[in-house]
1. List, largest first, the extents of the alpha carbons of region 190-327 along their principal axes, each in whole Å.
2. Can you run the Rg to Rh ratio on region 39-102? Use alpha carbon positions and the Kirkwood inverse-distance Rh.
3. Fully extended, how many nm does the chain gain between residue 179 and residue 252 (0.36 nm per residue separation, minus their Cα-Cα distance)?
4. Rounded to the nearest 500 deg cm²/dmol, what is the calculated helix-only ellipticity per residue at 222 nm for the chain, with -39500 (n - 2.57) per DSSP H run of length n ≥ 4?
5. Using Cα atoms only, what is the angle between the long axis of helix 79-96 and the major principal axis of the chain, expressed in degrees (0 to 90) to the nearest 10?
6. Grab the Cα-Cα distance for residue 164 and residue 218, subtract it from 0.36 nm times how many residues apart they are, and report the gain in nm with one decimal.
7. For the ranges 361-372, 385-396, what's the packing order if you count other beta-carbon atoms within 10 Å of each residue, average per peptide, and put the highest first?
8. Per q in 0.12, 0.14, 0.18, 0.20 1/Å, what log10 I(q)/I(0) does a Debye calculation on the alpha-carbon atoms of region 60-193 return?
């Protein structure tokens, strides 16, 4: 999710500006009053801090919520374990492809079940991936170090590569994340990572990735062409209204939904608790004193006011064609992974999804926010969900 760190930096800058103005963000000050209609049980809000691993945080949370739904028990799955393995396998693929694929912090929801199936899982308390007394992840140094190493190996100045490069890469991962446990004790039993994964009530065959784009046939799977999909994982292609129906049905029946989306839009205001697909304010939309005032604004003030919101507003209309156009022209990009955990309405009855983020809890809704249906339809890259949550009519169309 290539723009994630830039988005997070912008959020921090905005937060600092608000703090400098001593402005307290309250529901009344945003102009919105959200009412939860249906919310599923979910585990704690995480903080990915300075790392581009939202794909891991969100999908781990998704599986934790699935375990909570099935057993009533909270577990805390290790992000570090998943990230270590993904970096390793991503590096091997990068060399096989002569450096012609992405090698970065980003990933996709399918990466977590891939690690689960091939290497297992461990509790966060057993292996956190944090070293040198770090309390939170900061991947800026390790990302640059690993990328630099891979670029050197990819030059391949020898006639053939030796296994030494893999051992060297493992050494770097162990230095930054810690050596992986081969066996560990947990709640009175000894496990290997694979045995622990098998002890959890998750059948990976029960889950499906769903998306909606017109450059591939409907009701067939395809590889979503985004750089962070290094695994070349497939998503089932359906109409955008059907993708939304899956989410609605999932929440109604108590299932979480992993959600990958573009969060770089001017209407994405996480600190203020909402994401809207705003219409841009233009001079031709104004008249009288409003137009006169607009014309007197500086370019900077005019740009800021284009996207000013003081409560519920009319949003852009989303069609399958406009959604595809946004993807084709790179307005809609693969930025961030989150978990949809509920449905809500505002004071005018407009409908939203309640979303759990992984940017800590120091915002208006303590790590959660509300995404309008229009924003969801336009800016969703894909969802990942239990097949049982797919409505029967759609399930028949896609052969579930």
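1. The Cα atoms of region 190-327 stretch 71, 40, 32 Å along their principal axes.
2. On the way: Rg = 15.1 Å, Rh = 13.5 Å.
With Rh from the inverse mean 1/r over Cα pairs, Rg/Rh is 1.12.
3. Details: separation 73, 0.36 × 73 = 26.28 nm, distance 4.18 nm.
22.1 nm is the gain from fully extending residue 179 to residue 252.
4. After summing the helix terms and dividing by residue count, I get -12000 deg cm²/dmol.
5. Taking the Cα atoms of the chain, the angle to 79-96 is about 80 degrees.
6. My answer for the length gained is 14.9 nm.
7. So the order, starting with the most tightly packed, is 361-372, 385-396.
8. These q points yield log10 I(q)/I(0) values of -0.53, -0.71, -1.08, -1.27.
Bear in mind that the values in this text are calculations on the coordinates, not laboratory data. Everything numeric in this text was worked out from a predicted model, so none of it was measured. All Cβ positions, even for glycine, are placed from backbone atoms using ideal geometry, and neighbour counts span all protein chains on display.
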